[in-house]
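To start, the structure itself, in C-alpha cells.
The values are calculated or read from the model by the stated rules, or taken from the named source; none is laboratory data. Because the structure is predicted, anything quoted here is derived from the model rather than measured. Cβ atoms come from the backbone with ideal geometry, glycine included; neighbour counts cover every protein chain shown. These area figures cover heavy atoms from the full protein model, side chains too; ligands, DNA and RNA do not enter into them. Shrake-Rupley method; radii C 1.70, N 1.55, O 1.52, S 1.80 Å.
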Amino acid sequence: MAVSQVHFLLIPFLMSIMGAAQYLMQDAALLSYIDQRFLSLEKRLEKCNQDVLEYVEEFRDFSNTVLSRLAGLNTDKAEVKSEVENLLTRIDHAQRDIDYFGSVTDSNACVEVHEDLVKQQLLEEAEEKKRLKLMLNASCDHVLAGIKSLKVVKKTGGKYGSWMKDPGKKHMKIYLLSGSVNNEILEFANIMTFMENSHTLKARRVPLPLPWEGTGHVIYQGFLFYHRYGSLNEIIKFNILRRSVADQMLLPGAGRIPAYQLSPHTKIDLAVDEQGLWALHAEPEIGGNIVITKINHVTMAVEHSWDTPCSSKDAEAAFMACNTLHVVYNSPSGGTSHIQCVYDVLDALNSYINPGLHFPKRQGSHSTIHYNPKEKQLFAWGDGSQIIYKLHTEKKV
C-alpha cells in the first residue's frame, strides 16, 4: 500500500520536471535564432558601411578627374582664343590690302561715289533742318541773357510741387499741383486769389482719375499733361474742363532714370515754350545726358528728338524757351542755382556750356522751373515757395 502511494506521488513530479526541460529547450532555440539574426544584421551593416566608403572614394576620384579636365579646358580655351585673335588680325590685314588694291584700280569711281554720298547727306540734312524750321515756325529771334529779379508770391505746400498759368489761354487762372505724387489740381481765379491766406477755400478742386508722378507737368490749351504715376513713360493728356482723360502716349526711351540727378522724383519733365509742348528726360545710353523731344500736343505724337550735351548730373531742373533748352544746376546741399548748359535745337553751334546765368538773391533748390512764353517769366517752386523770375532777353546775333 505504501509503495503504491509513493508511485502515485512520483508520477506528477517527474512530469513537471519533463515540462520544465521542454521549456528550457524552447528558450534556448529562441535565443539561438535571435543571435543568428543579430549576426546577419551586423554583417549587412558592415557591408553597407564598406559600400559607402567605396562610394565616397569613387566620388572623390571622379571630382579630381573633372577638376583636372576643366583646368585643361581653360588652357585650351586660352590657346584657341589666342589663335582666333591672330586669325582675325591676319584677316584684317588682308582686308586692308584688298581695299588698297581696289582703291588703286578704281580710284576715280570711288571718289565719285564718295562725293555723291556726301552730297546726298548734305541734301538730307538741309531738308531736315528746313522741315524742323517750318515745324517750329522759326519765329524766335531772342536769347536769354540774364535773370533780372525774383518775387516770392507765396509759401504753401511741401518741398515738391509746381504751379503755373496756361499760356495757351487768355484767362488769368493759377493752377497749383502739390507734391510729387497726387491726383488733385487746385484752380484759382487769378493770382490775387491765390495769394490770399485762405486760398484753399477759394480754389476749385479738380480730381484726376489717374495720379501724377514727379513735378514735371504742364498745363497748355486747357489740358494738363503729366507723367502717370506707376508707369515707366506714359504721358496723360487730361481735359481740365470736362474732367476726363483726352489722350495718352508712351515716350520712347524715357522713365528709366531721373531727368535731373538732384530731383530724383521727376523722370519726365514736360515743358511749354513759343513752339508748344516738349518733353525732357535723361537716357543712360548717352551717359545720362538730357534728351529733348518735341510733341504734337493735339495728336500726342513725337515730332522729333535731340540728344544734347547737357548732363543730368547735379542738375535740379530745366526749361525750354524759344526752341532752346536751359539746364539749371546746383550743389547737392542746395546753393545758388545757375544755368550751366544751353542747347538750341535749330542751331547746335549756338549751344554752349556755362553761360554764367545765375538766379539772384536766393540760396536753396528748385523742384521745378517752368517758362511761360506769354509773360516771358519763369514760374518756379523752391523749398515750398512759389516764385516768379523775370527774364532779360536779347536779340539773336
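Contact annotation: residue pairs with Cβ atoms under 6 Å, 6 or more positions apart or on different chains, pairing a residue in the range 152-163 that is open to solvent by less than 30 Å² (accessible area, probe 1.4 Å) with a partner that is polar (S, T, N, Q) and part of a loop (DSSP other than H, G, I, E, B), are 162/215.
Candidates are the residues of the range 250-274 that are over 12 Å from the mean Cα position of the chain (by Cα) and open to solvent by less than 30 Å² (accessible area, probe 1.4 Å); the one that is nearest to residue 344 (Cα to Cα) is 273. Within the range 351-397, being over 18 Å from residue 148 (Cβ atoms), free of Cβ contacts under 8 Å to residues at least 24 places away in the same chain and not aliphatic (A, V, I, L, M) holds for 352, 354. Scan the range 214-230 and give yes if some residue there is of a type in the set (S, T, N, Q) and open to solvent by 40 Å² or more (accessible area, probe 1.4 Å), otherwise no. Yes, that holds for at least one residue. In this structure, residue 303 does not qualify as closer than 24 Å to residue 219 by Cβ, of a type outside the set (A, V, I, L, M, F, W, C), part of a strand (DSSP E or B) and within 23 Å of the chain's Cα centre (by Cα).
In the range 325-358, what count of residues is obtained for those that are assigned to a strand (DSSP E or B) and at pLDDT below 85? Don't jump to the end; show me each part of the working.
Here is the first cut: in the range 325-358, the ones assigned to a strand (DSSP E or B) are 325-329, 338-344, 352-358.
Checking the rest, the ones that are also at pLDDT below 85 come to 352-356.
Final tally of qualifying residues: 5.
Tell me, please, whether a residue that is surrounded by 12 or more Cβ atoms within 10 Å (Cβ to Cβ), part of a strand (DSSP E or B) and modelled with pLDDT of 65 or more can be found in the range 119-142. Within the range 119-142, one or more residues are surrounded by 12 or more Cβ atoms within 10 Å (Cβ to Cβ), part of a strand (DSSP E or B) and modelled with pLDDT of 65 or more. No other residue among 313, 361, 390 is in a strand (DSSP E or B) and surrounded by fewer than 22 Cβ atoms within 10 Å (Cβ to Cβ) apart from 390.
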